[in-house]
Every structure is written in structure tokens, then in C-alpha cells.
Amino acid sequence: MDVVLRPVVAADLPLLAVGDAPYDDFGPRAPRTEPYSPVLREHGGMAVCDTGGLLLGSVSWIWQQWGPMPESRNPMIGIGLRPEARGRGAGTAAQRALVDLFFRHTSVNRVEACTDVENLAEQRALEKAGFTREGTVRGAQWRDGAYRDCYSYSILRADWSAS
Ligand SMILES: CC(C)(COP(=O)(O)OP(=O)(O)OC[C@H]1O[C@@H](n2cnc3c(N)ncnc32)[C@H](O)[C@@H]1OP(=O)(O)O)[C@@H](O)C(=O)NCCC(=O)NCCS
């Protein structure tokens, strides 16, 4: 499935409510009132649409750093699709499109993602998007009354160039 990433606009916000899936249920949260920044070097996000412009969901990213050097910063990406948009390849395509943006428009060497060890759909979508599972991050994520193990995934610039 082909998707388009574009900046989130205010009209999208009511359609991007999160928390319906078990893996993004982090309790009551105030509705988002400001669109994500689409600037790749800041924490941010973008809307995921089909080629006809229908809003399917959103991708987002935060930056983290593996040491003191600024070159060691990399984005960790996340995704949430509207229920009716799941299971048709949009999650794979959207995460691949976001990886393309980071490698084309920034100098990062690595894009990361992580997901619950039970979130088989996201694991598969990441693998189809070119990510490699790196290992288990134990007890990392507090969700729904317990600390959860996650799998860590990455795609390196060299992986992306070779694909
Ligand atoms: C996770 C999510 C982004 C994946 O996107 P998607 O568009 O549904 O996924 P895709 O259609 O691209 O691919 C899903 C793959 O997982 C497989 N899959 C789906 N559910 C599965 C399950 N329960 N067990 C095993 N495989 C499963 C699909 O068969 C497909 O693989 P295939 O193409 O080899 O058949 C989307 O389902 C979603 O938004 N879920 C709710 C929020 C969420 O979990 N976000 C991620 C938090 S880390």
C-alpha cells in the first residue's frame, strides 16, 4: 500500500485519538491540542494518509543519544494507525517512508524503534520496513499496571542504502 506523510494539521487532531489498542493504552491523557512539529531534528510527528488524502494515522519520533557526541543522536520512531487502517500494509509503508525521510534529510546513522514483545503486528511491520531486531529491553515500559519487556529494532544507513 502506498502512503503519504504530511505535516499534522489541527483538523487531524480529533481523528488521531490514541489509546484504543492494547499497546498504546497508557491511561487517560489530555487530547493533543497542538500538531506535532514536522521538523526532523526536533521531537515531532507527521500524518499518514493514503494516496487519496484519507487520514490513516500518524508517525512520531523522539531523539535519544548513545553517548556524549552529537553525532550519536538518533530518532526513535513510533506509529499509531486508526483501527480501520490497520492490516493493509500502511504501517509498513509509513515507517519505511519515515526512515527514508531521516536518511535523505538528516545525517543520522541509525533509526530506532521498540515495541512490546507481544505486539506481533508492529514487529512484523518493522521487519518488513527493513528493521533488524537487536534484542530485548527488559522491564522497560510501564503500561497497564506492569513493566513490560520490549524488543529493540534499528535500521542503519548502510542497511537502507543496500535495500
Ligand atoms: C502496529 C501497526 C502500526 C502495524 O501497522 P499495519 O498497517 O496494521 O501493519 P501491516 O499491515 O503493514 O503489517 C502487519 C503484519 O503483521 C502481521 N500481523 C498482524 N497481526 C498479527 C498477529 N496478531 N500475529 C502475527 N502477525 C500479525 C500481518 O499479517 C502483517 O504481516 P504480513 O504482511 O507478512 O502478513 C498498526 O496495526 C497499529 O497502529 N496498531 C495499533 C497501535 C500500535 O500497536 N502501535 C505500535 C506501538 S509500538
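Based on DSSP, what percent of beta bridges with both residues in the chain are antiparallel, to the nearest 5? Bridges in the chain that DSSP calls antiparallel: roughly 95 percent. Here the 3J(HN,Hα) profile of the range 92-108, calculated from phi with Karplus coefficients 6.51, -1.76 and 1.60 at θ = phi - 60°, is 4, 5, 5, 6, 5, 5, 5, 4, 4, 4, 5, 6, 7, 10, 9, 9, 4 Hz, Gly and Pro shown as x.
For the range 24-88 and the range 125-163, what is the centre-to-centre distance using only Cα atoms, to the nearest Å? Cα centres, the range 24-88 to the range 125-163: 15 Å.
Rounded, prolate or oblate: which fits the range 79-143, taking a ≥ b ≥ c as square roots of the Cα gyration tensor eigenvalues, rounded meaning a/c under 1.5, else prolate when a/b beats b/c? Oblate shape, in that a/c is at least 1.5 and b/c is the bigger or equal ratio.
Within the range 147-163, list the residues whose amide N lies under 18 Å from a label point set 7 Å along Cα→Cβ of T136. Once the point is set 7 Å along Cα→Cβ of T136, 147-154 turn out to lie under 18 Å by backbone N, inside the range 147-163. Annotation note: GluC sites (Glu not before Pro) in the range 1-104 located in DSSP loop regions with a Cβ neighbour count of at most 14 within 10 Å are E42. Once C-alpha pairs closer than 8 Å and six or more residues apart are averaged by separation and normalised to the residue number of the chain, the relative contact order reads 19 percent. Hydrodynamic radius of the chain by the Kirkwood approach over all distinct alpha-carbon pairs: 16.3 Å.
Readers should treat all values here as calculations from the given coordinates under stated rules, not as data from a laboratory. Keep in mind that what you see is a predicted model, and the values were worked out from it rather than measured. Every residue, glycine as well, gets a Cβ built from its backbone with ideal geometry; the counts of neighbours run over all protein chains shown.
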